[in-house]
Amino acid sequence: MATLSVKPGQRFTVPEWHTNSHLISADAEHQRSASHQVRQAGRTLRNEADNQAKWDEHDNQTRLAERISSVNRWREILDQCLADVDAEIDALAKVKEAAERALQAKNMPLDVSIECLTLRESRRAIDVVRDPVEEELHKEVKVIEKAKRELQRRVSGAFEQLCRLQEARQQLSCDRRCKVEALEIDRGCLSLSVSSPNISFKVKPTRVPGGSTVLDEWRENSQSNKEYAEAEMKASTELREAALLTIAQTNNELEAQRVATKFALCKRIRELESAYDELKWQEQNTLVEIAEMEEDIRRLEENIQRKTKDLKVAHTRLETRTYRPQVDLCRDQVQYGLTDEVHQLEGTIRALKRKLTESQNALDALYRQLHRIQTDIGYKANSLVLDKKCMDNWRKLMVPAETLVPEVDTFKGTATRAPSPLKNGQLELA
């Protein structure tokens, strides 16, 4: 007779089987929730890291650009100062040559006067008298010798001043070369990106190189070189004026500088007006964007409120269905659908809140930018007022050429014009 083969082993009850299924489902739900949280945290960290890296790079790009602008501005100042020094060296050299020619020209009159006195020593007897002619000849010799001493002093002073100007020019040139090299390096750094072929890790890149200076020392060095050159140029100008040379040329240079300054001032006013109009346009567009962003934020908040109410409905439905009796308390399609709806609504609300935060941050940034624009508009308006006042003052100072009184150049014997009242002011502006 056949018998039923019974395999040895543990037997579980049906409730245990159901319990195990519920545990597996609960664990799956828990793991999915944990995974979702990890993914969200990873996305948040990734976004924050990307944003931080982009902002850091943007800030450093801005700092590099501002530094390049600052160094380039100083380079332009040094270029202008170098040009002024070169012009002054050339003018002073011409004055020195003119003084040397004038000094050389005094030799012939002196020789003639001495020769005359020597010849008159050949007089004899009663004719050897100290007459007015001899007295005038002696006076002429003294005057010529005094003029030669004065001219020699001017020549020596011009030579010494030329040496000091060359020293000032050497300092400016050295400073300018450093600025040009620094500009090339910083511009190269500004052009670097993640796709550049020459980027790599460096050994201790954050170290402070030996011989480094602080920003104030850097600025004071260039300012000191500029002030030293300006002081030497002013001294050279005073020396040229003291030598009474090329007064007409000085007036022409001053007039040219007046025209150049007026032209630059008019150009600057036009640039300020253009920048002011651009800022006003930016202000208007920013205000429009702020209004649109505020409207979008309001809509986001309303959408979040609606989604929150929908979530409350789904929660209430799920909670209410937990009170179904006995076997009707099953995980049917409605249960799964409501659960999915809860998860979907929660994810949507989180996304909307993140977007709301992002929009609010963008709105704050727009308000900061608006404040910056409005502040800069104030600066531009103030600069316009000041520059227009400067233009009015320059018009008052523009003296017609007919009002200048001609004088006689003691070296060339030609008519020249008196220096303009702007001479000292022009030296200060140079």
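The values are calculated or read from the model by the stated rules, or taken from the named source; none is laboratory data. It should be emphasised that the depicted structure is a prediction, and the values quoted were computed from it without experimental measurement. Cβ sites come from the backbone with ideal geometry, for glycine too, and all protein chains shown count toward neighbours. Please note that ligands, DNA and RNA were not included when accessible areas were found on the heavy atoms of the full protein model with its side chains. Shrake-Rupley method; radii C 1.70, N 1.55, O 1.52, S 1.80 Å.
Some points to look at:
- Residues listed by number, segment 40-81, amide nitrogen under 15 Å from Cys189 label point at 7 Å toward C-beta: 57-72
- Cross-link table Lys96/Lys142; Lys94/Lys226; Lys307/Lys353, entries beyond 20 Å C-alpha to C-alpha: Lys96/Lys142; Lys94/Lys226
- By average C-beta atoms within 10 angstrom, highest first, the peptides 92-103, 347-358: 92-103, 347-358
- Stretch gain in nm, segment Arg207-Gln344, where the contour uses 0.36 nm per residue and the Cα spacing is subtracted: 44.2 nm
- Distance between modelled label sites at Lys54 and Asp90, nm, 7 Å Cα→Cβ extension: 5.3
- When you filter the trypsin sites (Lys or Arg not before Pro) in segment 188-219 for DSSP loop state and at most 16 other Cβ atoms inside 10 Å of their Cβ, you are left with Lys202, Arg207.
- Other residues within the sphere of radius under 12 Å centred on the Cβ of Leu165, judged by their own Cβ, net out at -3 (K and R +1, D and E -1).
- FRET efficiency for Asp376 and Ser25, using Cβ-Cβ distance with R0 set to 56 Å, rounded to 0.05: 0.35
- Carbon + sulfur, % of accessible area of segment 324-376 - ligands and nucleic acids excluded, 1.4 Å: 54
- In this structure Tyr228 has an accessible area near 60 Å², from a 1.4 Å probe over the protein heavy atoms.
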